[in-house]
Amino acid sequence: MMTGKEKKTSRLEIIFTGFGGQGIILAGRILGKAAVIGDHRESTLVQAYGPEARGGACSAQVTISDRPIHYPYVRRPDVLVCMSQGGFDKFIDQMKEGGALLIDHDLVQPRGFDKRFFSIPSTRIAEELGRKMMANIIMLGFFTAITGAVSVEAARDAVTDSVPKGTEEMNAAAFNRGCDYGLAVLKGLEKKAAGRAGA
Amino acid sequence: MTDFNIILFMCNWGPHAAYQALQDTGASIPDNVKMVRIPCTGRISKALLFKSFEMGANGVALVGCEPGSCRYGTGTANAQGHVEDTRGILELLGLGKDRLQLATFLPDESGSLLEFLKRFSREIEGMGPSPIRPATELIPVAERDRAIEEVVSAHDVYACQDCGKCSSACPLTLAGKPFSPRAIANAVIAGDIDSPSVQKDVWACLTCGLCYDRCPSAVDFSGFIRDLRDILARSGSDRHASHGEFFQSLMRTMTSRDLEVRPWQWLSSDVRTDPGSKTLFFGGCAPYFDIFFKNFLRTRTREILVDSLRLLNFFDVHPALLKEERCCGHDLLWSGDRANFLKLAQLNADAIRDKGVEEIITACPECYSTLRRDYPAHGIDLGCKITHIFDFLEQEIDKGAVGFKGLDRQLTFQDPCRLSRLENRPHLPRRLLNRVAPNSFKEMKDSGISAICCGNSAWTGCDSFSKALQVKRIRQARSTGSDLLITACPKCQIHLRCAMEDPFLGEELNMEVLDLTSLLARAIHWE
Ligand code: SF4
Ligand code: SF4
Ligand code: SF4
């Protein structure tokens, strides 16, 4: 399993999935931007909508690589990010053996998945911050901290660059919340592995 | 004649006869021994024992009757307790416990008395002179009445509309004490400072700040009292200190620059600290309090420090500890000794400043408020951020991935006045409480900004009315149906426990007390 502590592999395939209106495609686009503009790597994005644009299942397939990408479709993701149950049910079987699963804690039940996964209540945190719409940005921060697929600075810059004018600060704060949550999760895993779960 | 001195408190009954025999036979009693004849060793309190050191004694011996031969029965046993506790404090203070000794003799044991005196004198000579310099004497205020006028206008006491809201909120007034902040304010304005009731009442105020919260004219009465006390103390007013002024004495000895305090020597090694860290943990005086109250209240307030450090470690912060840490000075400032408060503050600042510290974290609300507010107000700049550990914890826990073990207890909470009122942050501890025990936390009748004081502040003016107030407070806590009283200040724990010792009310007042930091440290875990 990959975490932020490990070395970047030269090619990484990611699927972001959820329902329309959650900003799944935007998250994919920001991720690609971060890889290309901030980290000077290659990236592609394939977006797929379900039958209805709003509310239906949708996904963003992002590939990040150090070399030119000739085939942009993601068939076997290294990282699967699920913000809806439907997305999880549809994509979980495609995830690579040993891939990283990231889910929204309140929206996804990882039924039938018995390996370690990473979860964050991104929608709940977004509500706490006053805007449910920012759950995708929080998830992106979480993704960045857990996977290390892009650098934190590149991702944060790509966020402030891609969101509507006037909401940059809010979104940067949302990104940071997700990122902090991810770092806390990693720290918790490390502590538990060392047998020091309590104070 | 040597330049060190030993104070010998000698009981009138047994050993004094032996001492007289030595004098009669012209025995060579070491000439640096100053004998003070006392009626019973059991009456020499910790405050009196300690006072000698504050005044510069190099050694103190308490000499009494052998156990079982005390004329009053329990004198020797009391003396043993007092000496043991005071020795513990001398150790922590860096003076060394061996500068204080207890010895007992029968009237006919003049030979062994002489031997003891010679040996003790040699030992003290070996330890060298005490590093304690008598603290700054209170400098009389040149023009007292003018100084009082200045304090009155600095706190805008003239704005008082005589509405009486303060008196109807003051917990002392409500406990039935013939005491009224409004009346004190008016009397001082009218120039009645010398009236016996004002002279007494100025020292009774708990400086809890509840009246300030209620006052429509925003008269900061507790700040006014604080400044007035300094003037009155310097004009010779009795300071009505509790415990024979032991704590003020202790804090004044810490103003000696050459004293090498050892405030952390007791800390167990499983707590991780790092002398090079940019984050400093400031502990406060809890370890001293625990020794002082060991035999009476059995408080364990230094656990607050251990649990704070554990919580910092939990979040991978390995803070530096200040080996020269002295009392922050809160109690001196609030009990009329600003000059020595300033000396303490300066010594702490000197010790902190060149260490490159960026942030000081503390768990004591008094240290927090004093370092954050009073040091800068007195021109002392620590050059770093002051953080209460609750703020640190709230911020870290909020990042996520941290959970709390459920606990099968009902909780209620005693607000620390320095954090909840003076710093106006009653929500901070509550946010944490609601994380640990969302379903089993119940507020007392008076809570948050309206909470009632634990009964004492800065070790002054403890009396039967403050006791009545404590009883009322504990009854409020009990009537929430809770079985665990959470506190967030070592002093709240000490004073409330003291009230629980009431032999007449007994079980009715009994309640387990635990600090919020300890509660958090027990329950927290990584998810
Ligand atoms: S509450 Fe304020 S204005 Fe009213 S009597 Fe007290 S000090 Fe005066
Ligand atoms: S500070 Fe507290 S004890 Fe003092 S007068 Fe005001 S309410 Fe009463
Ligand atoms: S309440 Fe008890 S511990 Fe507190 S000052 Fe009074 S006597 Fe001392």
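The values are calculated or read from the model by the stated rules, or taken from the named source; none is laboratory data. These numbers were taken from a predicted model, which means no experiment stands behind them. Neighbour counts are summed over all protein chains in view; Cβ atoms, including those assigned to glycine, are modelled from backbone coordinates with ideal geometry. For accessibility, only protein heavy atoms count, side chains too; no ligands or nucleic acids. Shrake-Rupley method; radii C 1.70, N 1.55, O 1.52, S 1.80 Å.
Numerical summary
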item	result
Long-range neighbours under 7 Å by Cβ, at least six apart or interchain, first residue in a helix (DSSP H, G or I) within the stretch B:238-252, second among the acidic types (Asp, Glu) and within 13 Å of ligand 3 (Cβ to nearest atom)	B:PHE247/B:ASP331; B:GLN248/B:ASP331; B:MET251/B:ASP331
Residue among B:PRO275, B:PRO319 that alone is open to solvent by 10 Å² or more (accessible area, probe 1.4 Å) and under 29 Å from A:LYS191 (Cβ atoms)	B:PRO275
Flag if A:ASP114 is part of a loop (DSSP other than H, G, I, E, B), of a type in the set (Asp, Glu) and closer than 24 Å to B:LYS399 by Cβ	no
Residue in the stretch A:131-158 that is nearest to A:PHE88 (Cα to Cα), counting only those that are open to solvent by 40 Å² or more (accessible area, probe 1.4 Å) and in contact (Cβ under 8 Å) with a residue 24 or more places away in the chain	A:MET133
Unique residue being away from ligand 1 (no atom under 16 Å from the Cβ), at pLDDT below 95 and either farther than 17 Å from B:ASP227 by Cα or surrounded by 15 or more Cβ atoms within 10 Å (Cβ to Cβ) (or both) when the list is B:VAL141, B:VAL157	B:VAL141
Selected residue [closer than 27 Å to B:ARG214 by Cα, out of contact with any strand residue (DSSP E or B) (no Cβ under 6 Å at 6 or more places or on another chain) and open to solvent by less than 10 Å² (accessible area, probe 1.4 Å)] from B:GLY455, B:GLY461	B:GLY455
In the stretch B:172-205, residue nearest to the other protein chains (Cβ to nearest Cβ) [restricted to those that are among the aliphatic types (A, V, I, L, M), away from ligand 3 (no atom under 16 Å from the Cβ) and assigned to a loop (DSSP other than H, G, I, E, B)]	B:VAL202
Residue satisfying condition, being open to solvent by 20 Å² or more (accessible area, probe 1.4 Å) and assigned by TED's automatic domain parsing to the domain that holds B:GLU109, within set B:GLY64, B:GLY73, B:GLY59, B:GLY42	B:GLY73
Residue count for the stretch B:288-313, restricted to those that are farther than 19 Å from B:LEU516 by Cβ and not in a loop (DSSP other than H, G, I, E, B)	3
Residue within the stretch B:232-239 that is within 16 Å of ligand 2 (Cβ to nearest atom), under 20 Å from B:ALA183 (Cα atoms) and open to solvent by less than 10 Å² (accessible area, probe 1.4 Å) present	yes
The one condition in (1) free of Cβ contacts under 8 Å to residues at least 60 places away in the same chain; (2) open to solvent by 70 Å² or more (accessible area, probe 1.4 Å); (3) within 14 Å of another protein chain (Cβ to nearest Cβ) that A:GLU169 fails to fulfil	(3)
Members of the stretch B:398-410 found to be facing chain A (nearest Cβ under 9 Å) and without any contact (Cβ under 8 Å) to a residue 40 or more places away in the chain, listed by number	B:ASP398, B:LYS399, B:GLY400
Pair list, Cβ < 6 Å and 6+ apart or interchain, from the stretch A:179-199 residues that are more than 7 Å from chain B (Cβ to nearest Cβ) to residues that are aromatic (Phe, Trp, Tyr)	A:GLY182/A:PHE142
Within the stretch B:240-258, considering residues that are of a type outside the set (A, V, I, L, M, F, W, C) and away from ligand 3 (no atom under 16 Å from the Cβ), the one surrounded by the fewest Cβ atoms within 10 Å (Cβ to Cβ)	B:ASP258
Condition broken by A:ARG196, with the remaining ones in (1) of a type outside the set (Gly, Ala, Ser); (2) in a loop (DSSP other than H, G, I, E, B); (3) open to solvent by less than 60 Å² (accessible area, probe 1.4 Å) satisfied	(3)
Among the candidates B:ALA345, B:ALA339, residue that is open to solvent by less than 10 Å² (accessible area, probe 1.4 Å) and either touching a residue at least 12 places away in the same chain (Cβ under 8 Å) or in contact with a helix residue (DSSP H, G or I) (Cβ under 9 Å, 6 or more places away or on another chain) (or both)	B:ALA345
Qualifying residue in the stretch A:135-150 (condition: facing chain B (nearest Cβ under 10 Å) and either over 15 Å from A:ALA100 (Cβ atoms) or touching a strand residue (DSSP E or B) at 6+ places or on another chain (Cβ under 8 Å) (or both))	yes
Test for A:ASP161: is it part of a helix (DSSP H, G or I), loosely packed, with under 15 Cβ neighbours inside 10 Å and away from chain B (no Cβ under 14 Å)	yes
Out of A:ARG116, A:ARG75, A:ARG41, sole residue that is open to solvent by 10 Å² or more (accessible area, probe 1.4 Å), in contact with a helix residue (DSSP H, G or I) (Cβ under 7 Å, 6 or more places away or on another chain), among the basic types (Lys, Arg) and closer than 26 Å to A:ARG177 by Cα	A:ARG41
Verdict on B:ASP290 being away from chain A (no Cβ under 14 Å), within 15 Å of the chain's Cα centre (by Cα) and farther than 30 Å from B:LEU232 by Cα	yes
Looking only at the stretch B:168-179, and only at residues there that are within 14 Å of ligand 1 (Cβ to nearest atom) and open to solvent by less than 20 Å² (accessible area, probe 1.4 Å), the one that is nearest to the chain's Cα centre (by Cα)	B:LEU172
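Per-residue answers, yes or no, for (1) surrounded by fewer than 23 Cβ atoms within 10 Å (Cβ to Cβ); (2) free of Cβ contacts under 8 Å to residues at least 40 places away in the same chain; (3) among the acidic types (Asp, Glu):
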position: B:ILE189; (1), (2), (3): yes, yes, no
position: B:ASP192; (1), (2), (3): yes, yes, yes
position: B:SER195; (1), (2), (3): yes, yes, no
position: B:LYS200; (1), (2), (3): yes, no, no
position: B:ALA204; (1), (2), (3): yes, no, no
position: B:LEU210; (1), (2), (3): no, no, no
position: B:ALA218; (1), (2), (3): yes, no, no
position: B:PHE221; (1), (2), (3): no, no, no
position: B:PHE224; (1), (2), (3): no, no, no
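Results for (1) closer than 19 Å to B:ARG226 by Cα; (2) open to solvent by less than 10 Å² (accessible area, probe 1.4 Å); (3) not polar (S, T, N, Q), shown as yes or no for each residue.
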position: B:LYS405; (1), (2), (3): no, no, yes
position: B:THR412; (1), (2), (3): no, yes, no
position: B:ARG431; (1), (2), (3): no, no, yes
position: B:ALA451; (1), (2), (3): no, yes, yes
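Yes/no per residue for (1) assigned by TED's automatic domain parsing to the domain that holds B:ASP337; (2) within 16 Å of ligand 1 (Cβ to nearest atom); (3) not hydrophobic (A, V, I, L, M, F, W, C):
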{"residue": "B:LEU210", "(1), (2), (3)": "no, yes, no"}
{"residue": "B:CYS215", "(1), (2), (3)": "no, yes, no"}
{"residue": "B:ASP227", "(1), (2), (3)": "no, yes, yes"}
{"residue": "B:TRP264", "(1), (2), (3)": "yes, no, no"}
{"residue": "B:VAL271", "(1), (2), (3)": "yes, no, no"}
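Conditions (1) within 16 Å of ligand 2 (Cβ to nearest atom); (2) over 24 Å from B:HIS388 (Cβ atoms), marked per residue:
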site	(1), (2)
B:ASN434	no, no
B:CYS453	yes, no
B:LYS467	yes, yes
B:ALA488	no, no
B:CYS492	yes, no
B:ASP502	no, yes
B:ASP515	no, no
B:LEU520	no, no
B:ILE524	no, no
